[in-house]
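Enquirer: Here it is: the structure, laid out below.
The values are calculated or read from the model by the stated rules, or taken from the named source; none is laboratory data. What you are looking at is a predicted structure, and each value in this text was computed from that prediction instead of being measured. Note: ideal-geometry Cβ built from the backbone for every residue, glycine included; neighbour counts use all protein chains shown. For the accessible areas, the whole protein counts, side chains as well, though only heavy atoms, and no ligand, DNA or RNA atoms are used. Shrake-Rupley method; radii C 1.70, N 1.55, O 1.52, S 1.80 Å.
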Amino acid sequence: MKAMVLAAGLGTRLRPLTDDRPKALVELNGRTLLKITLERLKAFGIREVIVNAHHFADRLIDYLAAHNNFGMQIAISREDVLLDTGGGLKQAAWFFKSSSDPFILHNVDVISNIDFERMLAFHNSSSAVATVAVQARDSSRYLLFDYDNELVGRSIKNSLPEIARPSEHLQPFAFCGIHIISPRLLDLITEDGVFSIIPPYLRLSAAREKIVAFRADEYYWRDLGTPEHLAEAARELTPTTEKRAKGTP
């Protein structure tokens, strides 16, 4: 199984910490966000990873080289123009097309102890093109799911919901920035240039492709995208919980 780490973003919400480094190299309790993410993936058994890079890309590349890629096979997808999550995945699609196995797509600025093994088993049993980890928590943005936990729309605060296909019941869940994707999805992405992965998901949902929710309410999860959230996570992550966040449920 392979994975992609989304690390190309400008880290605007993390300023001033990202004024001289990519957000992937911001530290939490002495470890970079990139190291935390790679250790999680490695603990799950993943050895082949592609990381996208844009903001201070050379620093990220040098950091990986200095740490011998943490004992993993790591490719870099360098973005001259920031491509967002969907465009970034499309540019890196070559990395996954030689395999029929699902792969993990993971934001670098989130930390969790979500059980990837359970999530993968759920994905494989659902025959979905993508499975997204979600929680029932407060958020300004929600993905909307039907009774069968299939994606049918999205809702952004102070905006009307965007409905991809009608449903009698809409369940709003907050996205955790972690996906498991079947390679078949890559051929279904027709969008080009700069785009988020969510519009393709909604378009495919309207076409009756399955994008399903993996309920992750029981797991620790934290967004690390602001200095305040970093400080909160630093207080929460004792040595025991840090061990769990590396991959032990």
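Enquirer: Order F145, F122 by their accessible area, 1.4 angstrom probe, all chains in place, largest first. It would help to have the intermediate numbers written out before the result.
Expert: Values: F145 0, F122 70 Å².
From most exposed to least exposed: F122, F145.
Enquirer: Something else: Using alpha-carbon positions, what is the distance between the centroids of the range 1-62 and the range 72-99, in Å?
Expert: Using only Cα atoms to place each centre, the spacing works out to 14 Å.
Enquirer: Rounded to the nearest 20 Debye, what is the dipole magnitude of the chain about its Cα centre when Lys and Arg each give +1 and Asp and Glu each give -1 at the C-beta?
Expert: 320
Enquirer: Can you tell me the 0 to 90 degree angle between the C-alpha axis of helix 227-236 and the longest principal axis of the chain, rounded to 10?
Expert: Result, in degrees: 80.
Enquirer: Just to be sure I understand: with springs between alpha-carbon atoms less than 10 Å apart, which residue in S77, S167, S140 has the highest mean-square fluctuation in the Gaussian network model of the chain?
Expert: Checking each option, the largest mean-square fluctuation is seen for S140.
Enquirer: If each DSSP helix of 4+ residues adds -39,500 (n - 2.57) and the sum is divided by the residues in the chain, what number results at 222 nm, nearest 500 deg cm²/dmol? Don't skip to the end; give the middle numbers.
Expert: Values: 8 runs with 72 residues, N = 249.
The helix-only estimate for the chain comes to -8000 deg cm²/dmol at 222 nm.
Enquirer: If you average the sequence gap of Cα pairs under 8 Å that are 6 or more apart and divide by the length of the range 1-148, what percent do you get for the contact order? Could the numbers behind the result be given before it?
Expert: Numbers: 173 pairs, mean separation 44.0, N = 148.
Value for the range 1-148: 30 percent.
Enquirer: Return a whole-number percent for the relative contact order of the range 116-249, with Cα pairs under 8 Å and 6 or more residues apart as the contact set.
Expert: Working: 189 pairs, mean separation 40.8, N = 134.
Value for the range 116-249: 30 percent.
Enquirer: Would you please classify the overall shape of the range 1-62 from the alpha carbon gyration tensor, given that a ≥ b ≥ c denote the square roots of the eigenvalues, rounded means a/c under 1.5, and beyond that prolate means a/b larger than b/c while oblate covers the rest?
Expert: Details: a/c = 2.42, a/b = 1.63, b/c = 1.48.
It comes out prolate by the Cα gyration axes.
Enquirer: Another one. What is the dipole size for the range 1-141, taken about its Cα centre, with +1 at each Lys and Arg Cβ and -1 at each Asp and Glu Cβ, in debye to the nearest 20? Intermediate values should be presented prior to the final figure.
Expert: Numbers: 17 positive and 15 negative charges, 32 e Å.
It comes to approximately 160 debye.
Enquirer: Positive end of the charge dipole of the chain (Lys, Arg +1 and Asp, Glu -1 on Cβ, about the Cα centre): tell me which of I104, G87, M72 has its Cα farthest that way.
Expert: Looking along the dipole axis, the top candidate is M72.
Enquirer: Might you report the magnitude of the Cβ-based charge dipole of the range 118-249 about its Cα centre, with Lys and Arg at +1 and Asp and Glu at -1, to the nearest 20 debye?
Expert: Dipole magnitude for the range 118-249 comes out near 240 debye.
Enquirer: How long are the semi-axes of the equivalent ellipsoid of the chain, taking √(5λ) for every eigenvalue λ of the Cα gyration tensor, in whole Å from largest down? Intermediate values should be presented prior to the final figure.
Expert: Numbers: eigenvalues 145, 84, 68 Å².
Equivalent-ellipsoid dimensions as semi-axes: 27, 20, 18 Å.
Enquirer: Can you tell me the orientation of helix 57-66 relative to the chain, as the angle in degrees between its alpha-carbon axis and the longest Cα principal axis, to the nearest 10?
Expert: Between helix and principal axis, roughly 60 degrees.
Enquirer: While we're on this one: Could you work out the relative contact order of the chain? I mean the mean sequence separation of Cα pairs under 8 Å and 6+ apart, divided by the number of residues, in percent.
Expert: On the way: 479 pairs, mean separation 63.1, N = 249.
Computed over the chain, the figure is 25 percent.
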